[in-house]
Structures are given as structure tokens and as C-alpha cells.
Amino acid sequence: MSKILFVVTGATHWTLADGTRHPTGFWAEEAVAPYQAFTAAGHEVTVATPGGVVPTVDRGSLAPEVNGGPEGAERIAAGLDAFAGLRQPVRLEDVDLADYDAVFYPGGHGPMEDLAVNADSGRLLVAALDSGKPLGVVCHGPAALLAATRADGGNAFAGYRLTGFTDAEETQAGLADKAKWLLQTRLVEAGADFQEGEPWAPHVVVDRNLVTGQNPASSVPLADELLRRLG
């Protein structure tokens, strides 16, 4: 059995360019589907959030239209209810990477608000990358990579092949023109070798111990790749 750390956003909104607050949090499928895959394989999952706050689910991620219909939405809602760790998170500030065998960051727009500028998360990501332990990050979760800076000020993920929610997907979702910044653009500016797949299709990129997924549809294949690495 391996111990897997889920680092989840504590944000309840995403501040847009005009200062308005777009309600958000974590994306349900991106937390629930990997959690189910890991626990079904016998692994243990611990959730950490900034300050140990109970994370908020993005209500939009519970809608039938983003879950393949009413039955899919019901499955995700039930999975969310069964994920007790989300209601009892540990403080991200207190996490010791040595206690875990792998680290996973789900998305939702929340990480754009808090994890993108969270120094504790940034230090954890640098440590995870350097440890060689499997590190999985999906959709908007890669916003957290922007806070992963080394002593020289450079980004720890510069030169890594990776993916995340694309500018094209943000545009199709109707929020690109309202955002302060776009994830793909910022990751490229940080020096990442961003690998863009087709919008909304599963797309997973592996580079060394880093495994990234582009969008919600990529969460299960990403979890499968992490499971292979955990043996």
C-alpha cells in the first residue's frame, strides 16, 4: 500500500480581470475519479489544503452536462460523498513529503486563485520533483507549478514537457476574455514545454516523474499512469 497526498485548492472563487469573483473550487471528477482509482488499488489518500480549510467543490462540476448526463452526475456526487478525506484535510503547511509515496493535484479554477501563488505548495512541488516520487497534476492544477521556484528565481518545471487546461479550452469555456491570465500562456512564459492536445479529449504527458493531464477527461488516464508507477 502506498500513501498518496492530494493537494487541493482552498479557494472558493477566482478573481477575474474586472475584479469580480467567479465562484469555483476544485473540480469534482478530477478529485473523485483518481481517488476511486487509488483506493480501489489499495492505496491510502490524504487531502491537504492551505490552512487545512475544508475545500469547496465547484458546483458547475456537478452538473449533468459535464458528467455525461444525469447518471454520471449522480455517480460523481456519490463519489464525492464517499470521499471522507475532503472533509478532514490536513494543513498543507504541515506536510512532510517523506510521509508520502506520491503527490497529486486536481484542478478546478481554484488553483488559479491560491495555489498559483502559494509558497508552501511551491516548495512541496520542488521537493516532489527532485525526490523522483510520482507527481500527478491535472487540468488547472498546473497553476500551482507557477509557485515552484528555485533559489535562483527560475521555475523548477522549466524545460519539462507537460500539459494543462489550454487557452483554447478556456476560450471555449467562455472565460478566457474575462481572466487576468491564462494557464497555458503563463506556463510557457515560465519555461515549460507545453504539449497541447485536442480540446476536451484525454491527453496525458509524462516527463521523468511528472505526469500531467490536460482536462477533466484526462484524470482517469493520469491516475492509471500514477498507479503503474506505484506498482
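The values are calculated or read from the model by the stated rules, or taken from the named source; none is laboratory data. Worth saying up front: this structure is predicted, and the values here are computed from it rather than measured. For accessibility, only protein heavy atoms count, side chains too; no ligands or nucleic acids. Shrake-Rupley method; radii C 1.70, N 1.55, O 1.52, S 1.80 Å.
Computed with a 1.4 Å probe over protein heavy atoms only, the accessible area of Val206 comes to about 50 Å².
Taking Cα centroids, how far is region 53-91 from region 1-36 in Å? Spelled out, the Cα-based centre of one part sits 10 Å from the other. When DSSP beta bridges are restricted to pairs lying wholly in the chain, around 30% turn out antiparallel. Mean silhouette area of region 137-220, derived from the convex hull of its C-alpha atoms and averaged over all directions, reads 5.3 nm². Per residue, the chain exposes 41 Å² of accessible surface when a 1.4 Å probe is rolled over the protein heavy atoms with every protein chain present. Shape summary: the chain maps onto an equivalent ellipsoid whose semi-axes, from the alpha-carbon gyration tensor, are 22, 22, 17 Å in decreasing order. A viscosity of 1.567 mPa s and a temperature of 4 °C, combined with the Kirkwood radius over C-alpha pairs in the Stokes-Einstein formula, give region 88-206 a diffusion coefficient of 88 µm²/s.
Out of every Cα pair in region 1-93, what percent are spaced more than 23 Å from each other?
Numbers: 1203 of 4278 pairs.
Looking at region 1-93, the distances longer than 23 Å represent 28 percent of pairs.
Roughly how many percent of the accessible protein surface of the chain is carbon and sulfur, given a 1.4 Å probe and a whole-percent answer? That fraction is 49 percent.
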